[in-house]
Amino acid sequence: MKRFTVLMLAVMAMFVMAGPANGQMSAGIVGGASLANIGGDVSGTDMKVGFAGGAFFAIDLHPYFMLQFTGQYVQKGAKETFADVTEKSKVDYLELLVPLTLTIPIEDSPIEPRLFAGPAVGYLMSCKIADVDCKDFTKSVDYGVFFGAGVDYMVGSGAIMLDAWYNLGLANINDDVDSDEFKVKNKTIQIMAGYRFFFGG
């Protein structure tokens, strides 16, 4: 995991030092809902609605491609019902997402659709199951891949954003004694809105 993180940071630094292909950069804020659940060897759980929000910086690499770096706080976990009693696991992360984005310009239109995908790595902030602290048996680092689509609606020197993506956790976050035999993985859908400021172009 440490090697994966170092490699991702090195790739980010390389793109930042190289600079944008056409001088165009952007930054902004996003926020919205996370629809979280867990998978792996776990079954019978339902989605839990939570909050996600953060900020991003993006670099145009090509007229149709940009690389974006998004830092966000996101609430994950799941809920499960036993005998009409619903218990929730609340697992909160600080997460870094690095999507490579394909933009699809539409001539004479303020709407610009986007498709994106990339790696994600998260650091555990807190973990509770029915008000019981579970941080000691949950791994502190999670990682995975995510992919989705969005649209920018151009307004003046910026754009109103609407994004949706699916984050598939690849790490086994179970840090209990039987973690190799019982795997727990995050999986999250996010519906996000935000605003993008353009500069440098």
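Evaluated against (1) surrounded by fewer than 19 Cβ atoms within 10 Å (Cβ to Cβ); (2) closer than 22 Å to Ala58 by Cβ, Tyr93 falls short on exactly one condition, (1). For segment 156-192, residues that are within 24 Å of Met66 (Cα to Cα), open to solvent by 50 Å² or more (accessible area, probe 1.4 Å) and modelled with pLDDT of 95 or more total 6.
Quick check on segment 76-87. Is at least one of its residues in contact with a helix residue (DSSP H, G or I) (Cβ under 7 Å, 6 or more places away or on another chain) and not small (Gly, Ala, Ser)? No: zero hits. The residues in segment 69-86 that are touching a Ser or Thr at 6+ places or on another chain (Cβ under 8 Å) and either open to solvent by 20 Å² or more (accessible area, probe 1.4 Å) or at pLDDT below 90 (or both) can be counted, and the count is 3.
Looking only at segment 96-120, which residues are open to solvent by less than 10 Å² (accessible area, probe 1.4 Å) and either part of a loop (DSSP other than H, G, I, E, B) or modelled with pLDDT under 95 (or both)? Across segment 96-120, the qualifying residue is only Pro99. Could you grab me the full set of residues in segment 121-139 that are basic (Lys, Arg) and either outside any strand (DSSP E or B) or exposed (fewer than 13 other Cβ atoms within 10 Å of the Cβ) (or both)? Those that are basic (Lys, Arg) and either outside any strand (DSSP E or B) or exposed (fewer than 13 other Cβ atoms within 10 Å of the Cβ) (or both): Lys135, Lys139. Which ones in segment 140-184 are part of a strand (DSSP E or B), of a type outside the set (A, V, I, L, M) and over 14 Å from the mean Cα position of the chain (by Cα)? Matches in segment 140-184: Asp152, Tyr153, Gly158, Asn174. Note on segment 140-155: among residues that are over 24 Å from Lys88 (Cα atoms) and among the aliphatic types (A, V, I, L, M), the one that is surrounded by the fewest Cβ atoms within 10 Å (Cβ to Cβ) is Val155.
The values are calculated or read from the model by the stated rules, or taken from the named source; none is laboratory data. No experiment lies behind these values; they were computed from the predicted model shown. Backbone-built Cβ (ideal geometry, glycine too); neighbour counts: all protein chains shown. What goes into the accessible areas is simple: the full protein's heavy atoms, side chains included, and nothing from ligands, DNA or RNA. Shrake-Rupley method; radii C 1.70, N 1.55, O 1.52, S 1.80 Å.
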